[in-house]
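Structure first, commentary second.
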Amino acid sequence: MDSVKSFILFLVFATLPAWPEQKLENRLLTEISKGSYFRATELYKEYTIRENPSPLAQHIAGYAWLKLNVLEVAKDLLQKASGQETSQTPGIPPVQQLLSKIESIELILPPLLPIKDLPRIQVRASGEAGWEKTILTDIATFSVVAWRVLRQDPAPIQIVLLPDKNSFENLHRLLLDAEPRPPWKTATGNLHIVLLSPVSSSTALHEYGHAILHTFFGDHYGEMIPPWFDEGIAGLMASELDPTLLEQAKRTLKSLHSKEDITALDDISPSLFYDSGPELNYAISTLMAEELRRRKGQEIFRKILLQTKKSRSLREGLQRAAGLSPESLYSTTLQRHSPQ
């Protein structure tokens with residue numbers, strides 16, 4: 001339990017500026033209506049340093065933490081609000097409904113494993129299956145690889161190892177409020193959490209990459225970061241554990257008959273990225289990330305993410321941080337790896 005408490009304290013602690021004169025509940029609702037869940041929790045933390053929050057504020061903040069996949073904090077706040085008078089809030093389910101949802105999630109979650117020397121990673125697993133043991137052996141390298149990308153300690157992430165695809169899909173629906181897509185999906189990385197059914201260690205690291213990128217960036221990551229950049233960095237991270245993945249990506253491009261067989265990634269919508277030629281799209285994305293690292297150094301990914309968050313455009317962030325457009329990076333990558 002001490003590790004859980006430490007994990008919670010790490011997530012909620014912050015040094016923040018003075019609280020402005022405005023009702024907390026209204027500010028929280030404004031941010032949540034924009035999908036800004038990180039910002040809502042920051043406002044809540046800022047307020048509670050100086051004032052006692054109302055049950056309604058606890059209810060709203062608990063919902064925000066649940067959307068960020070931090071169950072312990074969400075449950076604590078919702079339990080504090082439970083049994084007290086809170087008004088119905090459009091877009092936010094009642095307290096008891098949220099607590100029931102958390103209870104359903106907890107029924108699927110494996111136990112928390114007491115693993116030492118992983119201060120920023122929690123693992124839930126039975127730890128008995130062979131694939132679980134392999135991941136548990138390799139997991140100590142995950143935060144090291146993340147540091148190379150972010151150039152700072154990664155956010156706390158909980159990694160959940162599930163026994164089969166059915167358990168993965170059920171937890172995906174409950175926790176992330178969405179069907180797993182595409183249908184062949186067996187693992188995912190999201191805000192503060194990674195869900196895995198039986199997969200390799202490199203796939204686990206790939207999904208962990210998504211989780212640390214998403215959590216580092218914060219609100220609106222999916223709106224500003226296209227799949228090619230997200231999958232490219234995650235794919236490059238996975239290759240740190242399995243270098244054959246890079247060689248496989250190179251072979252995929254070289255197997256094409258001509259450059260005309262390749263569709264520019266900027267022309268592919270997020271859904272088409274995964275549904276139309278995903279193997280090729282993953283390969284190109286990973287090699288584009290490798291090209292960025294080759295030309296600009298490992299720290300370039302953090303710089304691009306920060307510039308993108310500031311400008312609210314990956315194109316602008318890439319230009320400011322690396323002096324490149326998506327088209328020029330794409331073209332250079334194809335010239336290096338695709339058929340002549």
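What follows is calculated from the coordinates using simple rules that are stated; it is not laboratory data. Predicted, not measured: the structure shown is a model, and the values here were computed from it. Note that we place each Cβ from the backbone using ideal geometry, even for glycine, and neighbour counts take in every protein chain shown.
The table below lists the values:
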{"quantity": "Semi-axis lengths (Å, descending) of the ellipsoid that matches the C-alpha gyration tensor of the range 125-188", "calculated": "24, 17, 10"}
{"quantity": "Which of V144, V149, V199 has the fewest Cβ neighbours within 10 Å, and the rest in rising order", "calculated": "V144, V199, V149"}
{"quantity": "Förster-model FRET efficiency, 22 Å R0, Q88 and E223, C-beta, rounded to 0.05", "calculated": "0.20"}
{"quantity": "Förster radius 41 Å - calculated FRET efficiency between L112 and K34, Cβ distance, rounded to 0.05", "calculated": "0.80"}
{"quantity": "Estimated inter-spin distance, R173 and E247, nm [label 7 Å along Cα→Cβ]", "calculated": "4.2 nm"}
{"quantity": "Fully extended contour minus Cα-Cα distance, from K296 to V144, at 0.36 nm per residue", "calculated": "52.7 nm"}
{"quantity": "For the range 156-310, the fraction of alpha-carbon pairs in successive 10 Å shells from zero, as %", "calculated": "11, 38, 38, 12, 1"}
{"quantity": "Extension gain (nm, one decimal) between T48 and K23, 0.36 nm per residue minus Cα-Cα", "calculated": "7.7 nm"}
{"quantity": "Distance in nm between pseudo-label sites at T134 and S328 (7 Å out along the Cβ direction from Cα)", "calculated": "4.2 nm"}
{"quantity": "Cα gyration tensor shape of the range 270-340, rounded if a/c is under 1.5, else prolate or oblate by comparing a/b with b/c", "calculated": "oblate"}
{"quantity": "Rg over Rh [alpha-carbon atoms, Kirkwood Rh] for the chain", "calculated": "0.98"}
